[in-house]
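Enquirer: Handing you a structure now.
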Amino acid sequence: MTIAASIQQIEGQLPAQTKLIAVTKTKPVALLQEAYDAGCRRFGENKVQEMVDKQPQLPPDVEWHLIGHLQTNKVKYMASFVSLIHSVDSLKVLQEINKQAARHDRVIDCLLQIHIAQEETKFGFDESEAETLLQSGHLDQLPNIRILGLMGMASNTDDEAKIRQEFRGLKQLYDRLSGMQRANVAFQELSMGMSSDYLIAIEEGSTMVRVGSAIFGTRN
Ligand SMILES: *Cc1c(COP(=O)(O)O)cnc(C)c1O
(Lines give C-alpha, C1' and ligand atoms only; values in the text may rest on other atoms or scores of the structure.)
Protein backbone atom coordinates (compact mmCIF):
# COMPACT_ATOMS: atom_id res chain seq x y z
CA MET A 1 0.00 0.00 0.00
CA THR A 2 1.17 3.55 -0.67
CA ILE A 3 1.84 5.99 2.17
CA ALA A 4 -1.21 8.00 1.15
CA ALA A 5 -3.47 4.94 1.12
CA SER A 6 -2.17 3.78 4.52
CA ILE A 7 -2.79 7.19 6.07
CA GLN A 8 -6.26 7.32 4.59
CA GLN A 9 -7.07 3.86 5.90
CA ILE A 10 -5.88 4.62 9.43
CA GLU A 11 -7.58 8.03 9.51
CA GLY A 12 -10.78 6.27 8.51
CA GLN A 13 -10.57 4.08 11.61
CA LEU A 14 -10.03 6.91 14.09
CA PRO A 15 -12.84 8.51 16.06
CA ALA A 16 -13.24 12.26 15.42
CA GLN A 17 -11.36 13.31 18.56
CA THR A 18 -8.37 11.01 17.96
CA LYS A 19 -5.32 12.41 16.18
CA LEU A 20 -2.80 10.50 14.10
CA ILE A 21 0.87 11.15 14.84
CA ALA A 22 2.87 9.73 11.92
CA VAL A 23 6.03 8.27 13.44
CA THR A 24 8.80 9.12 11.00
CA LYS A 25 11.93 8.06 12.89
CA THR A 26 14.68 6.68 10.61
CA LYS A 27 12.65 7.61 7.50
CA PRO A 28 14.06 10.00 4.87
CA VAL A 29 12.59 13.45 4.37
CA ALA A 30 11.18 12.46 0.97
CA LEU A 31 8.81 10.04 2.70
CA LEU A 32 7.77 12.67 5.24
CA GLN A 33 6.99 14.97 2.32
CA GLU A 34 4.90 12.21 0.79
CA ALA A 35 2.94 11.89 4.03
CA TYR A 36 2.58 15.67 4.17
CA ASP A 37 1.23 15.73 0.64
CA ALA A 38 -1.29 13.09 1.70
CA GLY A 39 -2.56 15.48 4.37
CA CYS A 40 -0.48 14.51 7.39
CA ARG A 41 0.54 17.46 9.61
CA ARG A 42 1.77 15.73 12.79
CA PHE A 43 5.09 13.92 12.80
CA GLY A 44 6.63 12.01 15.70
CA GLU A 45 10.37 11.52 16.12
CA ASN A 46 12.13 9.70 18.95
CA LYS A 47 15.49 11.49 18.70
CA VAL A 48 15.96 15.23 19.11
CA GLN A 49 18.83 15.44 16.63
CA GLU A 50 16.89 13.72 13.88
CA MET A 51 13.88 15.97 14.46
CA VAL A 52 16.07 19.08 14.39
CA ASP A 53 17.63 17.95 11.11
CA LYS A 54 14.28 17.27 9.43
CA GLN A 55 12.24 20.20 10.71
CA PRO A 56 13.63 22.91 8.36
CA GLN A 57 13.18 20.58 5.38
CA LEU A 58 9.40 20.31 5.79
CA PRO A 59 6.75 23.03 5.52
CA PRO A 60 6.31 25.25 8.59
CA ASP A 61 2.79 24.06 9.42
CA VAL A 62 4.05 20.62 10.49
CA GLU A 63 3.59 19.86 14.19
CA TRP A 64 6.66 18.11 15.58
CA HIS A 65 6.09 15.61 18.38
CA LEU A 66 8.95 14.20 20.44
CA ILE A 67 8.02 10.68 21.49
CA GLY A 68 11.34 9.17 22.62
CA HIS A 69 13.33 9.42 25.83
CA LEU A 70 14.57 12.97 26.33
CA GLN A 71 17.88 13.93 27.94
CA THR A 72 18.01 17.34 29.58
CA ASN A 73 21.00 18.47 27.51
CA LYS A 74 19.00 18.01 24.27
CA VAL A 75 15.98 20.12 25.16
CA LYS A 76 17.53 23.38 23.97
CA TYR A 77 17.88 22.21 20.37
CA MET A 78 14.14 21.81 19.80
CA ALA A 79 12.70 24.31 22.29
CA SER A 80 11.91 26.87 19.61
CA PHE A 81 9.59 24.66 17.60
CA VAL A 82 8.54 21.40 19.28
CA SER A 83 4.77 21.08 19.43
CA LEU A 84 4.28 18.39 22.08
CA ILE A 85 6.72 16.32 24.13
CA HIS A 86 5.07 12.95 24.86
CA SER A 87 7.93 11.46 26.83
CA VAL A 88 8.50 13.55 29.96
CA ASP A 89 9.69 11.14 32.62
CA SER A 90 11.25 13.27 35.38
CA LEU A 91 10.84 16.57 37.20
CA LYS A 92 14.39 17.40 36.14
CA VAL A 93 13.57 17.27 32.44
CA LEU A 94 10.37 19.23 33.04
CA GLN A 95 12.39 21.96 34.74
CA GLU A 96 14.77 22.11 31.79
CA ILE A 97 11.89 22.27 29.29
CA ASN A 98 10.46 25.17 31.31
CA LYS A 99 13.80 26.99 31.26
CA GLN A 100 14.33 26.58 27.52
CA ALA A 101 10.70 27.45 26.72
CA ALA A 102 11.13 30.69 28.71
CA ARG A 103 14.18 31.59 26.64
CA HIS A 104 11.96 31.42 23.56
CA ASP A 105 9.12 33.21 25.30
CA ARG A 106 6.72 30.31 24.78
CA VAL A 107 4.87 27.57 26.61
CA ILE A 108 5.76 24.00 25.67
CA ASP A 109 3.05 21.36 25.93
CA CYS A 110 4.03 18.08 27.55
CA LEU A 111 2.63 14.67 28.44
CA LEU A 112 3.84 12.59 31.34
CA GLN A 113 5.00 9.17 30.18
CA ILE A 114 3.60 6.46 32.41
CA HIS A 115 5.24 3.07 32.74
CA ILE A 116 2.43 0.60 32.03
CA ALA A 117 4.22 -2.30 30.33
CA GLN A 118 5.71 -5.27 32.05
CA GLU A 119 9.10 -4.82 30.43
CA GLU A 120 11.76 -3.33 32.66
CA THR A 121 13.33 -1.30 29.90
CA LYS A 122 10.55 1.19 29.22
CA PHE A 123 10.94 4.70 30.62
CA GLY A 124 8.28 6.56 32.54
CA PHE A 125 6.75 7.44 35.88
CA ASP A 126 4.78 4.90 37.79
CA GLU A 127 1.25 5.92 38.73
CA SER A 128 1.97 7.18 42.21
CA GLU A 129 5.02 9.16 41.07
CA ALA A 130 2.93 10.94 38.44
CA GLU A 131 0.22 11.71 40.94
CA THR A 132 2.75 13.03 43.45
CA LEU A 133 4.33 15.27 40.83
CA LEU A 134 0.98 16.69 39.75
CA GLN A 135 0.05 17.43 43.35
CA SER A 136 3.39 18.93 44.33
CA GLY A 137 4.19 22.62 44.47
CA HIS A 138 7.04 22.12 41.97
CA LEU A 139 4.72 22.73 39.03
CA ASP A 140 3.89 26.22 40.27
CA GLN A 141 7.48 27.21 39.52
CA LEU A 142 7.14 26.13 35.87
CA PRO A 143 4.95 28.69 34.07
CA ASN A 144 6.44 27.88 30.65
CA ILE A 145 5.25 24.28 30.53
CA ARG A 146 1.74 22.91 30.32
CA ILE A 147 0.87 19.29 31.05
CA LEU A 148 -1.84 18.15 28.65
CA GLY A 149 -2.13 14.53 29.70
CA LEU A 150 -0.42 11.16 29.67
CA MET A 151 1.42 8.83 27.30
CA GLY A 152 2.03 5.11 27.61
CA MET A 153 3.33 2.11 25.70
CA ALA A 154 1.78 -1.31 26.22
CA SER A 155 3.82 -4.47 26.54
CA ASN A 156 5.27 -5.84 23.32
CA THR A 157 3.13 -8.98 23.21
CA ASP A 158 0.51 -10.76 21.10
CA ASP A 159 -1.72 -11.04 24.16
CA GLU A 160 -4.49 -8.59 23.28
CA ALA A 161 -6.17 -8.95 26.65
CA LYS A 162 -3.00 -7.88 28.37
CA ILE A 163 -2.53 -4.88 26.05
CA ARG A 164 -6.13 -3.87 26.59
CA GLN A 165 -5.77 -4.16 30.35
CA GLU A 166 -2.68 -1.92 30.31
CA PHE A 167 -4.39 0.74 28.18
CA ARG A 168 -7.48 0.57 30.37
CA GLY A 169 -5.38 1.11 33.46
CA LEU A 170 -3.77 4.17 31.88
CA LYS A 171 -7.19 5.58 30.95
CA GLN A 172 -8.35 5.10 34.54
CA LEU A 173 -5.32 6.99 35.82
CA TYR A 174 -5.95 9.69 33.22
CA ASP A 175 -9.57 10.05 34.36
CA ARG A 176 -8.53 10.19 37.99
CA LEU A 177 -5.91 12.88 37.39
CA SER A 178 -8.11 14.86 35.00
CA GLY A 179 -9.88 16.58 37.85
CA MET A 180 -6.67 18.21 39.04
CA GLN A 181 -6.91 22.00 39.17
CA ARG A 182 -3.60 23.66 38.48
CA ALA A 183 -2.67 26.64 36.35
CA ASN A 184 -0.44 24.62 34.03
CA VAL A 185 -2.24 21.27 34.03
CA ALA A 186 -5.07 20.85 31.52
CA PHE A 187 -5.75 17.20 30.72
CA GLN A 188 -7.05 16.70 27.21
CA GLU A 189 -4.71 14.18 25.55
CA LEU A 190 -4.10 10.49 26.13
CA SER A 191 -1.34 9.28 23.81
CA MET A 192 -1.51 5.50 23.42
CA GLY A 193 -1.43 3.05 20.56
CA MET A 194 1.16 2.13 17.90
CA SER A 195 0.94 0.18 14.63
CA SER A 196 0.30 -3.14 16.33
CA ASP A 197 -2.20 -1.98 18.95
CA TYR A 198 -3.81 1.34 17.95
CA LEU A 199 -7.22 -0.26 17.32
CA ILE A 200 -7.27 -1.51 20.91
CA ALA A 201 -6.01 1.87 22.14
CA ILE A 202 -8.81 3.84 20.49
CA GLU A 203 -11.38 1.47 21.96
CA GLU A 204 -9.85 2.25 25.35
CA GLY A 205 -10.00 6.01 24.92
CA SER A 206 -6.81 7.12 23.15
CA THR A 207 -6.83 10.68 21.74
CA MET A 208 -3.48 10.33 19.96
CA VAL A 209 -2.10 7.26 18.20
CA ARG A 210 1.58 7.14 17.26
CA VAL A 211 1.82 5.03 14.12
CA GLY A 212 5.02 4.39 12.15
CA SER A 213 5.50 1.07 10.42
CA ALA A 214 1.83 0.72 9.40
CA ILE A 215 2.33 3.87 7.29
CA PHE A 216 5.98 3.77 6.21
CA GLY A 217 6.81 0.07 6.34
CA THR A 218 9.11 -1.73 8.72
CA ARG A 219 12.28 -0.03 9.94
CA ASN A 220 15.72 -1.61 9.64
C1 LIG B 1 8.64 3.91 17.19
C2 LIG B 1 7.58 4.36 18.13
C3 LIG B 1 6.22 4.30 17.79
C4 LIG B 1 5.71 3.74 16.48
O5 LIG B 1 5.95 2.39 16.37
P6 LIG B 1 5.33 1.52 15.15
O7 LIG B 1 5.27 0.15 15.69
O8 LIG B 1 6.27 1.67 14.01
O9 LIG B 1 3.99 2.10 14.84
C10 LIG B 1 5.30 4.78 18.71
N11 LIG B 1 5.70 5.28 19.89
C12 LIG B 1 6.96 5.35 20.25
C13 LIG B 1 7.31 5.92 21.58
C14 LIG B 1 7.97 4.90 19.39
O15 LIG B 1 9.25 4.97 19.77
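Enquirer: Rounded to whole Hz and in sequence order, give me ³J(HN,Hα) for segment 65-70 from the Karplus expression 6.51 cos²θ - 1.76 cosθ + 1.60, θ = phi - 60°, writing x for Gly and Pro.
Expert: 10, 8, 10, x, 3, 10
Enquirer: How high is the relative contact order of the chain, in percent, counting Cα pairs under 8 Å that sit 6 or more residues apart?
Expert: With pairs under 8 Å counted, the relative contact order is 20 percent.
Enquirer: Going toward the positive end of the dipole of segment 3-216, with +1 on Lys and Arg Cβ and -1 on Asp and Glu Cβ, which of His86, Met151, Thr72 do you reach last?
Expert: It is Thr72, whose Cα lies furthest towards the positive end.
Enquirer: Please work out whether segment 3-216 counts as rounded, prolate or oblate from its C-alpha gyration tensor, where a ≥ b ≥ c are the square roots of the eigenvalues and a/c under 1.5 means rounded, while otherwise a/b larger than b/c means prolate and anything else oblate?
Expert: It is oblate, given that a/c is not under 1.5 and a/b is not larger than b/c.
Enquirer: Now, a different point. If each DSSP helix of 4+ residues adds -39,500 (n - 2.57) and the sum is divided by the residues in the chain, what number results at 222 nm, nearest 500 deg cm²/dmol?
Expert: Taken over the chain, the calculation gives -10500 deg cm²/dmol.
Enquirer: Report, in debye and to the nearest 20, how large the dipole of the chain comes out about its Cα centre when Lys and Arg carry +1 and Asp and Glu carry -1 on their Cβ. Present the calculation step by step, with values, prior to reporting the outcome.
Expert: Values: 23 positive and 28 negative charges, 126 e Å.
For the chain, the charge dipole is close to 600 debye.
Enquirer: For Asp89, what accessible area in Å² do you get when you roll a 1.4 Å probe over the heavy atoms of the protein chains, rounding to the nearest 10?
Expert: Surface open to solvent at Asp89 totals about 30 Å².
Enquirer: What does the charge count around Asn144 come to, taking other residues whose C-beta lies under 10 Å from its C-beta (Lys +1, Arg +1, Asp -1, Glu -1)?
Expert: Numbers: positive: Lys99, Arg103, Arg106, Arg146; negative: Asp105.
Counting the neighbours of Asn144, the net charge comes to +3.
Enquirer: Another question about this same structure. How far is the Cα center of segment 163-196 from the Cα center of segment 137-152, in Å?
Expert: Centre-to-centre (Cα) distance: 14 Å.
Enquirer: Set the bar at 18 Å for Cα to Cα. Now go through Lys19/Lys92; Lys54/Lys76; Lys19/Lys76; Lys19/Lys162; Lys47/Lys162 and name every pair that lies beyond it.
Expert: Flagged as over cut-off: Lys19/Lys92; Lys19/Lys76; Lys19/Lys162; Lys47/Lys162.
Enquirer: Cα centroids of segment 1-70 and segment 83-131: how far apart, whole angstrom?
Expert: That distance is 21 Å.
Enquirer: Next question, about the same structure. Say each of Asp37 and Gln17 gets a label point 7 Å from the Cα, pointing the same way as Cα to Cβ; how far apart are those two points in nm?
Expert: Between Asp37 and Gln17, the label points sit 3.6 nm apart.
The values are calculated or read from the model by the stated rules, or taken from the named source; none is laboratory data. Computed from a predicted structure; not experimentally measured. FYI the Cβ positions are ideal-geometry reconstructions off the backbone, even for glycines, and counts take in every protein chain you see. Ligands, DNA and RNA are stripped out before the accessible areas are found, and what is left, the full protein with its side chains, is counted by its heavy atoms. Shrake-Rupley method; radii C 1.70, N 1.55, O 1.52, S 1.80 Å.
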